[in-house]
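To keep things clear, I will list the structure first and then write my remarks on it.
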Amino acid sequence: MRIFGIKPEDNEAAEFENARYINLAIEHINKSNEWLKNSDKPYQAMLAHIDILVMLAKRFPVNANLLIKQYQTKEWRETFNEWFNRCEKKIPSKYREGIKANADELFTELEKYGNNLRY
């Protein structure tokens with residue numbers, strides 16, 4: 001096994017481990033996306049998963065650009081917005097605007113990554 005730097009991922013045994021976590025975050029976002037499509041509950045986990053994915057993408061942009069699909073990011077945003085419009089009145093008013101602003105910020109950040117491939 002080759003070592004090629006000082007970072008935790010700078011060796012052959014660990015260099016692609018970050019991709020596992022990026023894929024895991026994407027998997028959880030997809031599950032949340034499916035749940036939000038029909039949910040009328042005023043709570044969700046999607047934004048927490050997206051926040052984690054954004055953190056990983058900033059740290060590992062090469063793999064993020066390979067693994068995040070722009071069409072998925074667009075679908076996730078649309079699903080979230082539809083859910084928010086459906087459930088907005090059920091969210092405590094003092095949090096509504098902040099949750100929506102946070103979502104918009106996270107989606108905008110996430111849209112910096114990814115590709116247009118559909119594989």
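The values are calculated or read from the model by the stated rules, or taken from the named source; none is laboratory data. Computed from a predicted model, the values in this text were never measured in an experiment. When we count neighbours, we look across all protein chains shown, and the Cβ atoms used for this are built from the backbone with ideal geometry, even at glycine. With ligands, DNA and RNA removed, areas are computed over all heavy atoms of the protein, side chains included. Shrake-Rupley method; radii C 1.70, N 1.55, O 1.52, S 1.80 Å.
Here are the numbers for the structure shown:
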quantity	calculated
Qualifying residue in region 33-40 (condition: among the polar types (S, T, N, Q), touching a helix residue (DSSP H, G or I) at 6+ places or on another chain (Cβ under 7 Å), open to solvent by 60 Å² or more (accessible area, probe 1.4 Å) and closer than 30 Å to Arg86 by Cα)	no
Helices (runs of 4 or more DSSP H) enclosed by region 1-94 - at least 1 residues per element that are among the charged types (D, E, K, R)	17-38, 46-59, 70-87
Contacts under 7 angstrom Cβ, first residue in region 38-59 being in contact (Cβ under 8 Å) with a residue 40 or more places away in the chain, partner in a loop (DSSP other than H, G, I, E, B) and open to solvent by less than 60 Å² (accessible area, probe 1.4 Å), 6 or more apart	Pro42/Ile91; Ala57/Ile68; Ala57/Tyr113
In region 13-26, the residues that are surrounded by 11 or more Cβ atoms within 10 Å (Cβ to Cβ) and either among the hydrophobic types (A, V, I, L, M, F, W, C) or out of contact with any helix residue (DSSP H, G or I) (no Cβ under 9 Å at 6 or more places or on another chain) (or both)	Ala14, Glu15, Phe16, Glu17, Ala19, Ile22, Leu24, Ala25, Ile26
